[in-house]
Amino acid sequence: MADTKGQANGIAPAKRARTTIQRPVTVVLGAQWGDEGKGKVVDMLATTADVVCRCQGGNNAGHTVVVGEKAYDFHMLPSGIIQPECISVLGNGVVIHLPDLFREIEKNEAKGLDDWKNRLIISNRAHLVFDMHQAVDGMQERKRGKDSIGTTKKGIGPAYSSKATRNGIRISDLMADFDFFAERFRNLVAQYELQHEDLEIDVDAELKKYKEFAKRIEPLVKDTVTFMSSAINEGKNILIEGANATMLDIDFGTYPYVTSSNCTVGAVCTGLGLPPQAIGNVYGVVKAYTTRVGDGAFPTELKGVGTGEKLQMIGHEVGVTTGRRRRCGWLDSIMLRYSNMINGFSAIALTKLDILDTFEEVKIGVAYRIDGEIIDSFPAHDKILSKVEVDYITLPGWKTAIGDVRQFEDLPVNAKNYVLKIEELLDVPVKWVGVGQSRASMIVRF
C-alpha cells in the first residue's frame with residue numbers, strides 16, 4: 001500500500017532530496033606563509049575555467065603571472081582575469097580599496113589586459129577599505145614598536161575590524177544612496193578621529209572622490225550570491241583563488257603574526273556564499289622550500305649569511321605587495337601536515353623546485369621537539385613555536401638545471417626523489433611540479 005501519511009491532513013509528502021551533488025568548484029590555497037606561486041597555478045587552471053573568484057583578503061595579496069614575455073602583478077584582481085573567456089569575481093569576503101583597484105587595472109591594461117570591464121564582477125556585499133584604514137594600520141603598527149606584527153599597512157586589519165564592529169561600509173552602501181553613504185562615512189571618520197588624534201582626513205575631498213568611484217564601479221557590481229548559485233546550477237567550471245595562505249589564517253595561522261581573514265578552505269563558503277557540497281578538489285600550493293615575510297616564529301629558517309641568503313637571491317624572494325625581502329628556510333613538512341589537516345588537500349602543486357638546482361644537499365623538516373621530546377601537534381602559541389627544535393632528513397641535491405624539463409620522468413633522479421619524499425611525508429599526491437616562472441614550466445604528473 002502506498003504511504004499516505006500526512007496526506008489525510010492535507011499535507012503533501014516531502015520531496016526527496018536530490019541524490020546527485022554537483023561539485024564544480026575547485027579551490028587553490030597556499031599551504032605555507034604565502035608567496036608559494038598560487039597565481040601561476042590559478043592561471044594554469046583558469047584556461048579551462050568559466051569563473052575565477054577571490055573570496056577573502058584585499059590588496060595585501062600579491063600574485064605574479066608570467067605569460068610569454070609579460071609579467072602581470074595582481075593584488076585584488078583574480079589571476080584568471082587574463083583569460084579572455086573567464087569571468088572574475090570579487091566576493092563578499094574581500095575588502096576592496098577602490099583607488100588601488102583602479103590603479104591595478106590601469107597598470108595591467110598597459111601590459112595588454114583588455115576587455116576586463118565585461119569580465120569583472122564585484123559583490124555588493126563586499127566591504128570597502130578607505131585611505132583612513134590604511135593610515136590607521138600604519139599608526140597601529142608603529143605603536144606596537146618591538147611587538148610589530150609585520151602588517152602590509154594596506155588597511156586590511158582596520159577594514160575587517162570595522163566590518164566586525166558593524167560600522168563598516170559596503171559596496172551596497174555606495175550604490176544605494178550616496179547621501180546615506182556620506183553619513184556613514186562621516187560617522188566612521190568621527191570614530192577614528194576620536195581614537196587617533198593625529199589622524200587627518202579631508203572628508204569633503206574623500207566624498208567627492210567616492211562619488212566618481214560610484215559611477216565607475218556601478219556596471220561591475222552584482223549580487224554575487226545569486227550569480228554564483230546560477231553558475232553552479234548551470235554546471236560552470238568554477239575556480240577559487242585563495243589569497244595569503246594557511247599559516248596566515250586569522251584562526252589557524254601563527255597568531256598574532258597573521259592576516260585578518262580566513263585563508264583556509266572555510267572562507268570559500270563564507271566569502272562567496274557557496275554551499276560546502278559544491279566544493280570538489282582542493283589543491284594546496286607548496287614552495288619547494290619555505291619563506292616568510294614579516295615577523296613571527298620560523299622553525300626551519302636559515303639565518304645569517306649562507307644557504308638562506310642563497311635561496312633568497314636565486315629565488316628572487318621579494319614580496320610583490322611590500323617589496324620586503326622574504327626570510328628563507330628548508331621545507332617544513334610538520335607545518336604542511338597541519339595545513340593539510342585543516343584544508344584536506346586533494347593534491348599538491350609543488351613550485352620553484354628549480355631554485356634548488358645548485359645545492360649539494362637539500363633538507364626537509366620532519367619533526368618538532370621541545371625539551372628533546374617530539375610533539376604531536378603544531379604549537380598554537382608563537383613563543384612555543386619559536387622554541388622548537390627541528391629534526392631533518394637530508395637528501396642529495398641534483399646539481400643540474402631543470403628549467404627546460406617538461407616531463408616528470410625526465411627530471412634528475414635526485415629531484416624526483418625529493419618530490420616523492422614530500423609526497424610520502426604529507427600522504428598527499430604531488431600533481432604538479434613547477435620548474436620555472438612561465439605557465440609552460442608546470443610539469444603535470446597525472
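The values are calculated or read from the model by the stated rules, or taken from the named source; none is laboratory data. Quick caveat: nothing in here was measured; it's all calculated off a predicted structure. In this analysis, Cβ positions are derived from the backbone assuming ideal geometry, glycine residues included, and neighbour counts consider all displayed protein chains.
A few comments on the model shown:
- Selection over region 390-406 of residues that are part of a loop (DSSP other than H, G, I, E, B) and under 22 Å from Val366 (Cβ atoms) gives a count of 2.
- Any pair with Cβ under 8 angstrom, 6 or more apart, that starts in region 418-436 at a residue that is at pLDDT below 95 and ends at one that is part of a helix (DSSP H, G or I): Gly436/Asp354
- Within region 396-403, none of the residues are more than 27 Å from Ile342 (Cβ to Cβ), surrounded by fewer than 19 Cβ atoms within 10 Å (Cβ to Cβ), hydroxyl-bearing (Ser, Thr, Tyr) and modelled with pLDDT under 95.
- Given (1) buried (at least 19 other Cβ atoms within 10 Å of the Cβ); (2) touching a Phe, Trp or Tyr at 6+ places or on another chain (Cβ under 8 Å); (3) among the β-branched types (Val, Ile, Thr), index of the condition Ile217 fails: (2)
- Subset of region 91-123 (residues that are surrounded by fewer than 18 Cβ atoms within 10 Å (Cβ to Cβ) and assigned to a loop (DSSP other than H, G, I, E, B)): Ala110, Lys111, Gly112, Asp114, Asp115
- Single unsatisfied condition, Lys222 versus (1) farther than 30 Å from Val25 by Cβ; (2) modelled with pLDDT of 95 or more; (3) surrounded by 12 or more Cβ atoms within 10 Å (Cβ to Cβ); (4) among the charged types (D, E, K, R): (1)
Conditions tested, residue by residue: (1) among the hydroxyl-bearing types (Ser, Thr, Tyr); (2) at negative phi; (3) part of a helix (DSSP H, G or I).
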site	(1), (2), (3)
Lys236	no, yes, no
Ala243	no, yes, no
Ile250	no, yes, no
Cys263	no, yes, no
Gly273	no, no, no
Val286	no, yes, no
Gly294	no, no, no
Phe298	no, yes, no
Lys310	no, yes, yes
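- Top-ranked residue in region 23-74 [being of a type in the set (D, E, K, R) and either not assigned by TED's automatic domain parsing to the domain that holds Asp251 or not in a helix (DSSP H, G or I) (or both); ranked as surrounded by the fewest Cβ atoms within 10 Å (Cβ to Cβ)]: Glu69
- Test for Leu302: is it buried (at least 23 other Cβ atoms within 10 Å of the Cβ) and farther than 29 Å from Gly138 by Cβ: no
- The set of residues in region 321-350 being part of a helix (DSSP H, G or I) and touching a residue at least 12 places away in the same chain (Cβ under 8 Å) consists of Ser333, Ile334, Met335, Leu336, Arg337, Tyr338, Ser339, Asn340, Ile342, Asn343.
- Any chance Leu385 is assigned by TED's automatic domain parsing to the domain that holds Trp432 and closer than 30 Å to Asp251 by Cα: yes
- Selection within region 407-446: residues that are part of a loop (DSSP other than H, G, I, E, B) and β-branched (Val, Ile, Thr). The member of this set that is surrounded by the fewest Cβ atoms within 10 Å (Cβ to Cβ) is Val428.
- Enumeration of residues in region 148-183 that are under 30 Å from the mean Cα position of the chain (by Cα) and of a type in the set (D, E, K, R): Lys153, Lys154, Lys163, Arg166, Arg170, Asp173
- So Lys387, is it assigned to a helix (DSSP H, G or I) and modelled with pLDDT of 95 or more: no
- Single match in Ile121, Ile149 (criterion: of a type in the set (A, V, I, L, M), touching a helix residue (DSSP H, G or I) at 6+ places or on another chain (Cβ under 9 Å) and at pLDDT 90 or above): Ile121
- Qualifying residue in region 128-147 (condition: surrounded by fewer than 20 Cβ atoms within 10 Å (Cβ to Cβ) and β-branched (Val, Ile, Thr)): no
- Among residues of region 75-86, those that are out of contact with any Leu (no Cβ under 8 Å at 6 or more places or on another chain) and either over 28 Å from His133 (Cα atoms) or crowded, with 24+ Cβ neighbours inside 10 Å (or both), counted: 5
- Looking only at residues in region 229-243 that are buried (at least 24 other Cβ atoms within 10 Å of the Cβ) and among the aliphatic types (A, V, I, L, M), the one that is modelled with the lowest pLDDT is Ala243.
- Single residue of Thr291, Thr246 found to be crowded, with 22+ Cβ neighbours inside 10 Å, in the same structural domain as Gly34 (by TED's automatic domain parsing), of a type outside the set (Gly, Ala, Ser) and in contact (Cβ under 8 Å) with a residue 12 or more places away in the chain: Thr246
- When residues in region 356-384 are screened for being closer than 30 Å to Val413 by Cα and assigned to a strand (DSSP E or B), 8 of them pass.
- Odd one out for Leu29 among (1) modelled with pLDDT of 90 or more; (2) within 21 Å of Val293 (Cβ to Cβ); (3) over 12 Å from the mean Cα position of the chain (by Cα): (3)
- Just one of the numbered conditions (1) loosely packed, with under 12 Cβ neighbours inside 10 Å; (2) modelled with pLDDT under 95; (3) of a type in the set (D, E, K, R) is not true of Asp204: (2).
- Neighbours by Cβ (under 6 Å, 6+ apart or cross-chain): first from region 297-320, over 16 Å from Gln437 (Cα atoms); second in a helix (DSSP H, G or I): Ala297/Asp382; Ala297/Leu385; Leu302/Gly308
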